[in-house]
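Asks: The structure is given below, and queries will be raised subsequently.
The values are calculated or read from the model by the stated rules, or taken from the named source; none is laboratory data. Predicted model only: the values in this text are computed from it and were never measured. FYI the Cβ positions are ideal-geometry reconstructions off the backbone, even for glycines, and counts take in every protein chain you see. Side chains are part of the model used for accessible areas, which takes the heavy atoms of the whole protein and leaves out ligands, DNA and RNA. Shrake-Rupley method; radii C 1.70, N 1.55, O 1.52, S 1.80 Å.
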Amino acid sequence: MFGDLLPIILLSLYVSGAALIIAAIIGVPLGAGMALKPLPGQRLVDLIIYTGMGLPPVVVGLAVYLLLSRSGPIGFLNWLFTPSAMITAQVIIALPLVIGLTSSAVQAVDPALRLQVRALGATPAQVMRTVLWEAKAGVTAAIVAAFGGIISEVGAVMLVGGNIEGSTRVLTTAIVLETRQGNFGLALALGVVLLTFAFASNFVLLRLPGRRS
Amino acid sequence: MKRTILVFLALALLFSTFAIGSVAAQDGGTTYTVQAGDSLYRIAAKFNTTVSAIQSANGLTGSAIRIGQVLKIPASAPATPTVPNTPADPSTLILATTTSTADSGLLAAILPYFEARENIKIKVIAVGTGQALAIGAKGDADVVLVHARSQEDKFVADGNGIDRRDVMYNDFVIVGPLNDPAGIGGLSSAKDAFAKIAAAGSPFASRGDNSGTNTKETSLWTAAGLKPKSGANGYVALGQGMGETLLYSNETGSYTLADRGTWLALSAKLPNLTLLVGGASVKKNPDPALFNPYGVIAVNPVKFPKVNYPKAKLFIEWITSLSIQRRIYEFGRSLYGESLFYPVAKTP
Amino acid sequence: MNRPFYRLANVKQIYNGRAVLDVENLAVERGEILAIVGPSGAGKSTLLRLLNFLETPTEGEIVFDGTPIPRDPPLDLIRRATTVFQRPMLLNRSVRDNVSFGLSLRNIAPDGRVADVLNRVGLAGMETAAARELSGGEMQRVALARALVIRPDALLLDEPTANLDPYNVGLIESIVREQNESQGTTIVMVTHNVFQARRLAHRVGLLLNGNLIELSPTAEFFDSPRDPRAAVFARGEMAY
């Protein structure tokens, strides 16, 4: 049984891990940048991001499906029903969380500290790095929250991945499938694996240095 | 004299089994009188033309035709496209199909042979018939294997699919709680059973997902002269797959319509449900209305140039070939004592 | 006479339509300690931000060591000045990491510089302590060490002792004086403590409502100010 589960577990970690890394690489600097230097119309951007944080994953799945469909605008990528499509959807789900929570964490750093860092001769990039490091507990919370959101998400990956055995079947879609087939025991085992991931990521978060301050 | 009549009748019968309608030449095309068992697709295939060509020649909008109707057949058009087909990914074939073929284990039992023979990876998207056809209608699958004839014909008529072939059939059964509050056990007619369930106001769980099973269920309600609404008179539309719907019925003591394959595969996990209408096996099903045919259709490469049409065509030939049809017949016999699917296609 | 280290000409800084600073002419001499006094809201901190190139003036020109400052000042120019603020603004790291922060921004290996400067501010051997867990006076001395270690040409002090006890005030004043005397660092300090200005500065300027209304050598500022408002301020009688 474990032999069948292992590829599903690994694919779950691969898809959500890759999506998280991409979302973090894009979202952390964006969130920090928006906190450090608000754009004109920042309130509208905030509104969009906060809406995005509550975006129903299945709506993201639908949009990504239509984009990646062979008759869609970027169908030429040939990504539909592949892990790439699932990663794309999960990046979109994770990005608002990473941007919004990073931005909040960076805004919580005293603006006077930013001024001090500049006064000590920091370039804008160095200011961002320093402030992100000061806000690392909040930034990590953003990333962990995003990971929890995407690894446990089922609607989008089901739509754009297709739950193809050996190719796009991940923990959540496998749980749906096993439940549909009445295999509650197996479904429950998969659920425990999923819970373990959520537990492990939160454990990492709570053990992080600088958490107390 | 009596002998002559008998011989004549026998000849007529023989002739009619070939289902050849009366054909008369007409400028540039022909006319055809619709026979029993005909569909626009079959007629189009017979005359090497397309469904849409017949529709436009006769001013038809849907796929409905009636026996005896005289159709104009336009001059033949090539049935298979000659446009250059450039598959987005020649190394995979995307099969959009129903949950029943995948969940029953049939596909896992036969597809590896095709994958090995053609050195190709088949990606199975197992959803309801409605969604499978919708995926095909966006060109996101290469071939579909579904079970809702009216939807399949529309799919072909809309130009989304070509080369439709019958593959296999099984049947639907009505299952319900052990105490059978509506008293339908042993009825030989599904629509009568539905009428009794409605009259008793007993709970009924509908797939409600536009799947092949859901399509069949709707047609049975229509035949019974009823139009149930979700939330009223015990009827609920779940919007779920077959497995979920059976599990729901098991928990809530509801009646439901199920394909026999999924019912057989799951019945051990459904202690509160029993088969009430449909007989002990496909062959013993007393109601022809519960017949459940599966068709295979290639997604139209003219409309969607990126589909893997060459492999889809090979797949259709393969799944209707004698050896695979035999495998379909054998599938499940050792486990359930009967076939879950019965082959219908003949080798060309 | 030597070329002034800073020269401000007709510098105006306008926030939301209000001029918070309007200095017609100010020259800061190389190697002097200039104290800027004045009540809260007089524009003292704004002036220091301009001198550290953290802001560019709405109008006017700042010439720094002979170079007119463009709107987007180059990094090597910015890095010749630094500021110690009223609050120590330490990073949530060790004392060593805080003190060497400016060096790491400049990719300079700290070598012995951190230990030396900690010794000067009376915090020898405190490298590994968590900076934010020190006392207020110690934290401000870490902040001062962090500024001194980069060997700035201009050291800007924005009320650096306002929240401190007399012991730490005296300690910091002596470090500042010693830095000026031994290294020749040009120092501009903002304070509303006229006594501190009298103790430390070579010259004292008075900012009122953004205008520099008096700028004289310290003795002159306190003994014979030209502007009557400076006389009131010098006697410590101005309400602020």
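Asks: Report yes if some residue within the stretch A:47-58 is within 11 Å of chain B (Cβ to nearest Cβ), free of Cβ contacts under 8 Å to residues at least 12 places away in the same chain and among the hydrophobic types (A, V, I, L, M, F, W, C); otherwise report no.
Replies: Our first condition is that a residue be within 11 Å of chain B (Cβ to nearest Cβ); within the stretch A:47-58, this holds for none.
No, there is no match, as no residue in the stretch A:47-58 is within 11 Å of chain B (Cβ to nearest Cβ), free of Cβ contacts under 8 Å to residues at least 12 places away in the same chain and among the hydrophobic types (A, V, I, L, M, F, W, C).
Asks: Checking B:Q55 against (1) open to solvent by 60 Å² or more (accessible area, probe 1.4 Å); (2) polar (S, T, N, Q); (3) at pLDDT 70 or above; (4) within 26 Å of the chain's Cα centre (by Cα), only one condition comes out false. Which one?
Replies: That leaves (1) as the condition not met.
Asks: Which count do you get for residues in the stretch B:128-156 that are within 11 Å of chain A (Cβ to nearest Cβ), surrounded by fewer than 24 Cβ atoms within 10 Å (Cβ to Cβ) and in contact with a helix residue (DSSP H, G or I) (Cβ under 7 Å, 6 or more places away or on another chain)?
Replies: Going through the stretch B:128-156 one residue at a time, the tally reaches 1.
Asks: Still on this structure, please answer the following. Kindly provide the set of residues from the stretch B:280-290 that are under 20 Å from B:G332 (Cα atoms) and either in the same structural domain as B:R42 (by TED's automatic domain parsing) or assigned to a loop (DSSP other than H, G, I, E, B) (or both), ordered by number.
Replies: The answer is B:A280, B:S281, B:N285.
Yes or no, residue by residue, for (1) under 19 Å from the mean Cα position of the chain (by Cα); (2) in a loop (DSSP other than H, G, I, E, B):
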residue	(1), (2)
C:P4	yes, yes
C:R7	yes, no
C:A19	no, no
C:A27	yes, no
C:I36	yes, no
C:S40	yes, yes
C:R49	yes, no
C:F53	yes, yes
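Asks: Right, here's the next one. For the stretch C:42-69, which positions are crowded, with 18+ Cβ neighbours inside 10 Å and of a type in the set (S, T, Y)?
Replies: C:S45, C:T46
Asks: Also, quick follow-up: Scan the stretch C:73-96 for residues that are within 7 Å of chain A (Cβ to nearest Cβ) and hydroxyl-bearing (S, T, Y) and jot them down.
Replies: Those that are within 7 Å of chain A (Cβ to nearest Cβ) and hydroxyl-bearing (S, T, Y): C:T82, C:T83.
Asks: Please verify whether the stretch A:162-170 includes one or more residues that are out of contact with any Gly (no Cβ under 7 Å at 6 or more places or on another chain) and part of a helix (DSSP H, G or I).
Replies: Among the residues of the stretch A:162-170, not one is out of contact with any Gly (no Cβ under 7 Å at 6 or more places or on another chain) and part of a helix (DSSP H, G or I), which makes the answer no.
Asks: If you scan the stretch B:106-122, which residues turn out to be open to solvent by 20 Å² or more (accessible area, probe 1.4 Å), within 11 Å of chain A (Cβ to nearest Cβ) and closer than 28 Å to B:F172 by Cβ?
Replies: B:A108
Asks: Just one of C:L157, C:L148, C:L118 is under 22 Å from the mean Cα position of the chain (by Cα), within 25 Å of C:G41 (Cα to Cα) and more than 10 Å from chain A (Cβ to nearest Cβ); which is it?
Replies: Every option except C:L157 fails the conditions.
Asks: Something else: Answer yes or no as to whether B:I316 is crowded, with 19+ Cβ neighbours inside 10 Å and assigned to a helix (DSSP H, G or I).
Replies: Spelling it out, B:I316 is indeed crowded, with 19+ Cβ neighbours inside 10 Å and assigned to a helix (DSSP H, G or I).
Asks: How many residues are in contact (Cβ under 8 Å) with a residue 24 or more places away in the chain and exposed (fewer than 14 other Cβ atoms within 10 Å of the Cβ) when one looks only at the stretch C:220-238?
Replies: 1
Asks: Residues in the stretch A:124-151 that are within 11 Å of A:L205 (Cβ to Cβ) and at the interface with chain C (Cβ under 7 Å from one of its Cβ atoms): how many?
Replies: So the answer is 0.
Asks: Now for a different question. Take C:I108 and decide whether it is open to solvent by less than 50 Å² (accessible area, probe 1.4 Å) and either at positive phi or β-branched (V, I, T) (or both).
Replies: No.
Asks: With a cut-off of at least 2 residues that are surrounded by fewer than 20 Cβ atoms within 10 Å (Cβ to Cβ), within 19 Å of the chain's Cα centre (by Cα) and assigned by TED's automatic domain parsing to the domain that holds B:G105, name the strands (runs of 3 or more DSSP E) lying wholly within the stretch B:175-279.
Replies: none
Asks: Can you list residue pairs whose Cβ atoms sit under 8 Å apart, with the first residue in the stretch A:59-71 being charged (D, E, K, R) and the second being open to solvent by less than 50 Å² (accessible area, probe 1.4 Å)? Count only pairs 6 or more apart in sequence or on different chains.
Replies: A:R70/A:N78; A:R70/A:L80; A:R70/B:A88; A:R70/B:G139; A:R70/B:D140; A:R70/B:F304; A:R70/B:V307
Asks: Further, regarding this structure: Residue by residue through the stretch B:238-269, note down the ones that are within 11 Å of chain A (Cβ to nearest Cβ), among the aliphatic types (A, V, I, L, M), in contact with a Ser or Thr (Cβ under 8 Å, 6 or more places away or on another chain) and free of Cβ contacts under 8 Å to residues at least 60 places away in the same chain.
Replies: Selection gives B:L247 alone.
Asks: Select from the stretch A:110-123 the residues that are more than 7 Å from chain C (Cβ to nearest Cβ) and either in contact (Cβ under 8 Å) with a residue 60 or more places away in the chain or of a type in the set (K, R) (or both) and list them in ascending order.
Replies: Answer for the stretch A:110-123, where residues must be more than 7 Å from chain C (Cβ to nearest Cβ) and either in contact (Cβ under 8 Å) with a residue 60 or more places away in the chain or of a type in the set (K, R) (or both): just A:R114.
Asks: Within the stretch C:146-163, count every residue that is without any contact (Cβ under 8 Å) to a residue 60 or more places away in the chain and over 11 Å from C:P88 (Cα atoms).
Replies: So the answer is 3.
Asks: Related question: Please work out which one of (1) touching a Leu at 6+ places or on another chain (Cβ under 6 Å); (2) away from chain A (no Cβ under 14 Å) is the condition B:G234 fails and give its number.
Replies: (1)
Asks: Being without any contact (Cβ under 8 Å) to a residue 40 or more places away in the chain, open to solvent by less than 50 Å² (accessible area, probe 1.4 Å) and in a helix (DSSP H, G or I) is the requirement here; does A:V176 meet it?
Replies: Against the criterion (without any contact (Cβ under 8 Å) to a residue 40 or more places away in the chain, open to solvent by less than 50 Å² (accessible area, probe 1.4 Å) and in a helix (DSSP H, G or I)), A:V176 qualifies.
Asks: Tell me, which helices (runs of 4 or more DSSP H) wholly within the stretch C:123-219 include 3 or more residues that are under 22 Å from C:S100 (Cβ atoms) and either in contact with a strand residue (DSSP E or B) (Cβ under 8 Å, 6 or more places away or on another chain) or open to solvent by 30 Å² or more (accessible area, probe 1.4 Å) (or both)?
Replies: Output list reads C:136-148, C:166-183.
Asks: Scan the stretch B:98-148 for residues that are touching a strand residue (DSSP E or B) at 6+ places or on another chain (Cβ under 6 Å) and charged (D, E, K, R) and jot them down.
Replies: Listed by number, the residues that qualify are B:E115, B:K121, B:K123, B:D142.
Asks: Go through the stretch A:47-87 and report how many residues are more than 20 Å from the chain's Cα centre (by Cα), surrounded by fewer than 18 Cβ atoms within 10 Å (Cβ to Cβ) and part of a helix (DSSP H, G or I).
Replies: Residues flagged as more than 20 Å from the chain's Cα centre (by Cα), surrounded by fewer than 18 Cβ atoms within 10 Å (Cβ to Cβ) and part of a helix (DSSP H, G or I) within the stretch A:47-87 amount to 3.
Asks: Return the total of residues in the stretch B:319-348 being in a helix (DSSP H, G or I), surrounded by fewer than 16 Cβ atoms within 10 Å (Cβ to Cβ) and among the polar types (S, T, N, Q).
Replies: So the answer is 2.
Asks: Select, from B:V307, B:V302, the only residue that is within 14 Å of another protein chain (Cβ to nearest Cβ), open to solvent by 60 Å² or more (accessible area, probe 1.4 Å) and within 30 Å of B:Y41 (Cα to Cα).
Replies: On the way: B:V307 fails: open to solvent by 60 Å² or more (accessible area, probe 1.4 Å).
None of the other options fit; the residue is B:V302.
Asks: Could you tell me which residue of the stretch B:287-299 is nearest to B:D180 (Cα to Cα), considering only residues that are touching a strand residue (DSSP E or B) at 6+ places or on another chain (Cβ under 8 Å) and either among the small types (G, A, S) or open to solvent by 60 Å² or more (accessible area, probe 1.4 Å) (or both)?
Replies: This residue is B:F291.
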